[in-house]
Amino acid sequence: MRSTFIGFSGALRTLCRLALVGWAAVTVSAAAATAQTRAVFVSPSGNDSRSGSQATQAVRTLERAQQLLEQNRADTVYLMNGVYRRAAPLTLKPAGPRQRWMAYPGAKPTLDGKGTAASAFIIPTSNVTVSGLTLRNFKNDGIVLGSVQNVSIVDNRLENILSPTNNKAAIKLWGTGSDLLIARNRISNTGYAGIAIYGFDAVEIARVRVVGNVLTDTCQRVPDCGAIYLLGRSPNARGTVIADNAIHNYGPRNWETKAIYLDDGASESVITGNRISGVGTYAIQVHGGTGNKIRGNVIDVDPGQPALFYQTWQRSGPSAMAGNEFTNNRVRTTGGGSQVEIKYDGEARRPVLTGNRVTRRPATGARPR
């Protein structure tokens, strides 16, 4: 059968088109933004003694903008052009029925942590949107979420998130979370994970969607990492959707790095439409989970680089890994054979393996390094 494998650049263009059409409703449009009457404007050249009620009266600091939201003077913060040099995270506080932190239409604001600020945003409150911002040079994380509902992190760029130890990420949910959308963000050069959902014991995680993001050069400083990482130790952390993401170069070959990592019992996840390429150890890992559906992904690997690592977890035991499916995926490699290369660790129940296709790409000029 003729292969219809799409290269990484083509996949990226396709994802961008799909994202613009399929998820446009989650972002406030420029027309809607300019029609807002309850907005506060921020500019690096502003002044905190001003009202912030219009662009010509912009305040200077994010902290002052947050005060105005808390005083119920606005529900949207527009960041104007420029670089906002950050020494510490901005911890958002409850402010009205919903708050939005957004680039002003046409502006390209950048928050720069200078390699010393721990993160850009800490969000322990619900009903928040962060959109259109560039976050770069933060020490541990980019955006940290915890105990939240109805939060959208969309259309941002996160670059050079140092993450020198594990449990860090460019975008991280640490604690209870529901109705969370992480969509169309571009993430590059992270020490540990690009996007991480941590479902520790007793934490509830529900209706989380990780959709249409582009991740490059993640897991560059810490081993045993996933570009998109999902921890599932809690029985109440289930059903995460990871769809239509493009993942390229997800760590050194010998560091146990994965493009998508379902760790410690992560279960009932839907992994679909993702495109994985470049250097890493395994494309996808399932570690002890049940009922995960891995369908319709496009995976580019080298010989000896398994498309799937299927591993038992000590808390669940070999017999617990039931109902996992790896079906209708396309795997491209320079190696021979028609079977998907899978590494099995332990005596877990094998996943359903149907409809997968293996095609060969040229051995020379195969993939960027």
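Name the residues in region 71-95 that are over 25 Å from N137 (Cβ atoms) and surrounded by 15 or more Cβ atoms within 10 Å (Cβ to Cβ), would you? Within region 71-95, R73, A74, D75, T76, A95 qualify. Can you tell me which residue is surrounded by the most Cβ atoms within 10 Å (Cβ to Cβ) among those in region 325-369 that are of a type in the set (D, E) and modelled with pLDDT under 95? Looking at residues that are of a type in the set (D, E) and modelled with pLDDT under 95, I get E341. Selection of region 151-176 for residues being touching a residue at least 60 places away in the same chain (Cβ under 8 Å) and assigned to a strand (DSSP E or B) yields S152, V154, A169. For region 118-149, filtered to residues that are of a type in the set (G, A, S) and modelled with pLDDT of 95 or more, the residue that is nearest to the chain's Cα centre (by Cα) is G142.
Here R64 does not fit the description of being under 19 Å from N156 (Cβ atoms), surrounded by fewer than 21 Cβ atoms within 10 Å (Cβ to Cβ) and in contact (Cβ under 8 Å) with a residue 12 or more places away in the chain. Among the criteria (1) of a type outside the set (D, E, K, R); (2) surrounded by fewer than 24 Cβ atoms within 10 Å (Cβ to Cβ); (3) farther than 21 Å from D244 by Cα, the one S178 does not fulfil is (3). Just one of (1) buried (at least 20 other Cβ atoms within 10 Å of the Cβ); (2) within 25 Å of N72 (Cβ to Cβ); (3) not hydrophobic (A, V, I, L, M, F, W, C) fails for N127. It is (1).
The values are calculated or read from the model by the stated rules, or taken from the named source; none is laboratory data. No experiment lies behind these values; they were computed from the predicted model shown. Neighbour counts are summed over all protein chains in view; Cβ atoms, including those assigned to glycine, are modelled from backbone coordinates with ideal geometry.
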